[in-house]
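Shown next, in structure tokens, is the structure this report addresses.
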Amino acid sequence: DKRRIYQFEVTRFGAGDRLVFVRDITKVAQLEQMRRDFVGNVSHELRTPLTVIKGYLETILANADQLEPRYVRPLQQMDQQAQRMENLLKDLLWLSRIESVESLPKHERVDVAALLEELQDEMQTSHPGRRLNLQLDCEGKVFGDYRELHSAISNLVINAFKYSAEDQPVTVRWQAREGNLALSVEDRGIGIAENHLPRLTERFYRVDDSRSSQTGGTGLGLAIVKHVAASHQARLEIDSRPGKGSTFTLLFSPA
Ligand code: ADP
């Protein structure tokens with residue numbers, strides 16, 4: 001039946017015998033689709049009123065010298081929080097979009113080295129004063145979606161900046177490794193204790209809530225990375241030592 005969705009699980013036992021479990025997960029998949037659609041629709045609907053609020057705040061703050069001084073600080077804080085909300089909605093919309101196209105095959109051949117060079121230029125503008133080293137040791141391409149790969153890698157780089165000191169560099173490497181292509185983002189920052197690793201890529205999971213909300217993150221960055229990895233059949237590996245730094249690696253099959 002083409003309208004139903006099945007999950008197969010094969011267990012080996014004894015002398016080459018196999019036991020196959022077939023589960024009908026149609027209902028679960030439908031509920032999951034409803035959740036995605038709901039999150040996508042709500043995010044979309046919230047953007048319009050937020051744009052109006054932000055627009056007025058911007059106009060008012062452009063003439064801050066005409067305001068009563070005691071209103072300036074609260075209005076600036078409102079403006080900052082509105083910006084946070086906009087970032088959150090943008091990430092929520094993007095996540096629901098990539099989740100719903102996850103199963104589609106990716107046909108585009110992406111030149112990762114060129115993508116990284118472009119990203120380096122963008123980071124110079126958005127994060128002046130931070131050093132992003134590129135080490136491009138291979139020219140391999142991967143089958144993928146340029147925008148999705150770009151968003152995953154930039155989330156990793158921005159995290160590396162956020163969770164390390166200003167004067168510490170971040171290094172991105174692109175290398176061939178045992179038949180795979182490895183993209184790694186390495187920082188010398190605060191690192192992550194091992195007990196947090198299993199849940200790190202969950203939506204809104206944070207190691208230290210107060211620190212993360214200060215850094216202006218949405219809590220969705222690694223959830224986006226995880227989904228992009230899954231839709232590109234790439235493996236995400238996290239290697240981290242508290243106080244020393246972290247390396248996030250995406251392992252792709254070559255195109
Ligand atoms: P956030 O917006 O809070 O950064 P993410 O999903 O991008 O959300 O990351 C989840 C959590 O993982 C962060 O709150 C942070 O605690 C931790 N984390 C992510 N990247 C790093 C890193 N490079 N070094 C240390 N901790 C990190």
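The values are calculated or read from the model by the stated rules, or taken from the named source; none is laboratory data. Here the structure is a predicted model, which is why all the values come from computation and not from measurement. Positions of Cβ are generated from backbone atoms using ideal geometry, with glycine treated the same way; all protein chains shown enter the neighbour counts. The accessibility values were calculated without ligands, DNA or RNA, using every heavy atom of the protein model including side chains. Shrake-Rupley method; radii C 1.70, N 1.55, O 1.52, S 1.80 Å.
The mean of 1/r over all pairs of different alpha-carbon atoms in the chain, once inverted, gives a Kirkwood hydrodynamic radius of 20.9 Å.
Over the C-alpha trace of the stretch 2-129, radius of gyration and Dmax come out as 24.4, 84 angstrom.
What is the diffusion coefficient of the stretch 93-166 in µm²/s, taking the Kirkwood radius over Cα pairs and the Stokes-Einstein relation at 4 °C with a viscosity of 1.567 mPa s?
Details: Rh = 13.8 Å.
For the chosen part, D equals 94 µm²/s.
Overall shape: oblate for the stretch 93-218, with the ratio a/c of the largest to smallest alpha carbon gyration tensor axis at 1.5 or above and b/c at least equal to a/b.
Calculate the FRET efficiency for D239 and E58 from the Cβ-Cβ distance with a Förster distance of 41 Å, rounded to the nearest 0.05. Walk me through the intermediate numbers first.
Values: r = 43 Å, r/R0 = 1.04.
The value I calculate is 0.45.
Just the protein heavy atoms count here, and of the accessible area of the chain at 1.4 Å, carbon and sulfur take up 52 percent.
Using C-alpha pairs under 8 Å with a sequence gap of at least 6, the mean separation divided by the residue count of the stretch 55-174 gives a relative contact order of 26 percent.
The mean accessible area for residues of the stretch 1-53, using a 1.4 Å probe and ignoring ligands and nucleic acids, is 88 Å² per residue. Taking a straight Cα-Cα cut-off under 13 Å and skipping sequence neighbours fewer than 8 places away in the same chain, the aspartates and glutamates within cross-link reach of K2 are D24. Less than 17 Å from a label point 7 Å out along the Cα-to-Cβ axis of Y146: which backbone N atoms in the stretch 111-125 qualify, by residue? Counting only backbone N, you get 111-123.
Once every DSSP H run of n ≥ 4 in the chain is given -39500 (n - 2.57) and the sum is divided by its residues, what mean residue ellipticity at 222 nm do you get, rounded to the nearest 500 deg cm²/dmol?
Numbers: 6 runs with 118 residues, N = 255.
The per-residue figure over the chain is -16000 deg cm²/dmol.
Between helix 26-62 and the chain there is an angle of about 20 degrees, using the helix long axis and the longest principal axis of the Cα atoms.
In terms of distances greater than 32 angstrom between alpha carbons, the cross-link table entries K27/K162; K90/K141; K27/K90; K27/K106 yield K27/K162. With equal scatterers on the alpha carbons only and no solvent term, can you work out the Debye log10 of I(q)/I(0) for the stretch 147-255 at 0.11, 0.13 1/Å? Treating every Cα as an identical point scatterer, log10 I(q)/I(0) equals -0.32, -0.45.
Accessible area per residue for the stretch 144-226 in Å², computed with a 1.4 Å probe and the full protein assembly in place, what is it? The partial results should precede the final answer.
Numbers: 3820 Å² over 83 residues.
It amounts to 46 Å² per residue over the stretch 144-226.
Given R0 = 51 Å, the distance between the Cβ atoms of S253 and E68 translates into a calculated FRET efficiency of 0.25. Judged by the gyration tensor of its Cα atoms, with axes a ≥ b ≥ c, the stretch 200-255 is oblate; a/c meets the 1.5 cut and b/c is at least as large as a/b.
With Cα atoms as the point set, the stretch 157-203 shows a radius of gyration and Dmax of 12.9, 35 Å. H127 exposes around 50 Å² of accessible area when a 1.4 Å probe is run over every protein chain in place.
When the expected Rg is taken as 2.2 N^0.38 Å, what fraction or multiple of it is the alpha-carbon Rg of the stretch 59-121?
Against the empirical 2.2 N^0.38 Å value, I get 1.90 for the stretch 59-121.
Relative contact order of the chain: what whole-number percent is it, with Cα pairs under 8 angstrom and at least 6 residues apart?
Numbers: 368 pairs, mean separation 42.2, N = 255.
Over the chain, the number comes to 17 percent.
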